[in-house]
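**Q** My structure is below; once you've seen it, I'll send some questions.
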């Protein structure tokens, strides 16, 4: 049999108080902001970033199709006026019936048998991006849309990390619910509650914040979680001179409001004064990853062989840790925007994931763009001044007449978040979004050495032999043309004033969590 089920009917009581084995206490606050539309009644639980690649992972326990309330249990530690006060997600529930559960069983997918487990094991889903959630199997197709990941990220940026985020379809029905995984990265089980008649009352994913079972052995053929047990008096191990510098940190070294920077200078991992660990793009100042421990009272972060990257409070209590699948040796901030912890053999034991960013390069100037050059909210103007090709703040690439004819051609990519236009060495002119995804291109790959020129007749992209492989013709009396469907003339959007720069919330992120003492 698996680990015993917690008493969720006690956890899901607003205002209930829970005393933990390490002496900390938490008060539960419930959030009931949304419901989940379930057209098939087949529940899929997991990390929302992975829903698009999900296949046949719905639980064998099914419910009638319908729309069911979603309830989130938030655990609040300390008092709001205390510096050490923080809050995390303890569990999330789909409420099928509004009545108590008299029995609990582990939610399983086809091929899993909970009776084969011992009392220290469970089936659960892996988390590597600090999030969890639910989706109906009938809505998984929506999670394979081109903009799905961007929508999840926007949802996470817009909400409080202890609240419930939702993605809706065109009829405003909630198709995905997402929340922070209170226990950070790892594996988490989902439980099924039943009433006295054996009918399903709810599905609950437990993030091991109030239940204390995070030291048990999880069973999941997709990977194992690392140990995150506590260690009092840990600060005594670290002297002020043990700080890390450059682009890497070794076991025993620390960051105390300090930073590490990738060799190319593009990315910086910072232990901030607000208690958060954040990976920044130093060019855009965008935050690509964070521990989401903003507001936690942290003294330092250190690299430990058993736990990976760890945040400690001034009392030596572990606030957050990355975990590590094997003993860690070194942490490095790479040029790709990835924070990686490796073992003695150089194998990865934890990673933040690469920061997907638009390719960089020198800015194009004058009337032409050479291979490798870019336009980022910049423009090219023909030698006579007749035409200007500009990459606008709204994401559109537009060719303008400076003789009163207005916009002559546009890529029609306004509002799609394009961050940079680049002429690749292969000859393709590409518009990238801010996460490095291709939004639009001329489709002229295979013409290395091609050069783009803005002239009096329009725009031409000529290969190394001087042959035009793509063009926009704008001679008076003729329509704007281009040989590719992707570059047909479209109404352009006028230039808009730049918006004030603002900090973007780091997602996916891992909230600060209390780590419990080992049980005797």
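The numbers here are math on the coordinates, done by the rules we state, and not lab data. Owing to the predicted nature of the structure, the values given are computational and were not obtained by experimental measurement. For neighbour counting, all protein chains shown are included, and Cβ atoms are generated from backbone atoms with ideal geometry for every residue, glycine included.
**Q** Hey, fewest Cβ within 10 Å first, where do 421, 143 land in order?
**A** Going from least to most buried by this count: 143, 421.
**Q** Using r as the Cβ-Cβ distance of residue 103 and residue 256, and R0 as 41 Å, what FRET efficiency do you calculate, to the nearest 0.05?
**A** Step by step, r from the Cβ atoms, then E = 0.25.
**Q** May I pose another question? Taking the simple approach of a point 7 Å from Cα along Cα-to-Cβ for both residue 24 and residue 196, what is their distance in nm?
**A** About 3.9 nm, to one decimal.
**Q** Let me ask something else about it. Using a Förster radius of 60 Å, what is the FRET efficiency between residue 115 and residue 285 based on their Cβ-Cβ separation? Nearest 0.05, please.
**A** Efficiency, rounded to the nearest 0.05: 0.70.
**Q** Which value, in Å to one decimal place, does the Kirkwood hydrodynamic radius take for segment 368-487 when every pair of different Cα atoms is included?
**A** 14.2
**Q** If I stretch the segment between residue 172 and residue 305 completely, what's the gain in nm (0.36 nm per residue apart, minus their alpha carbon distance), one decimal?
**A** Value of the extension gain: 43.2 nm.
**Q** If each residue's Cβ is checked for other Cβ atoms within 10 Å, how do 266, 377 rank with the fewest at the top?
**A** 377, 266
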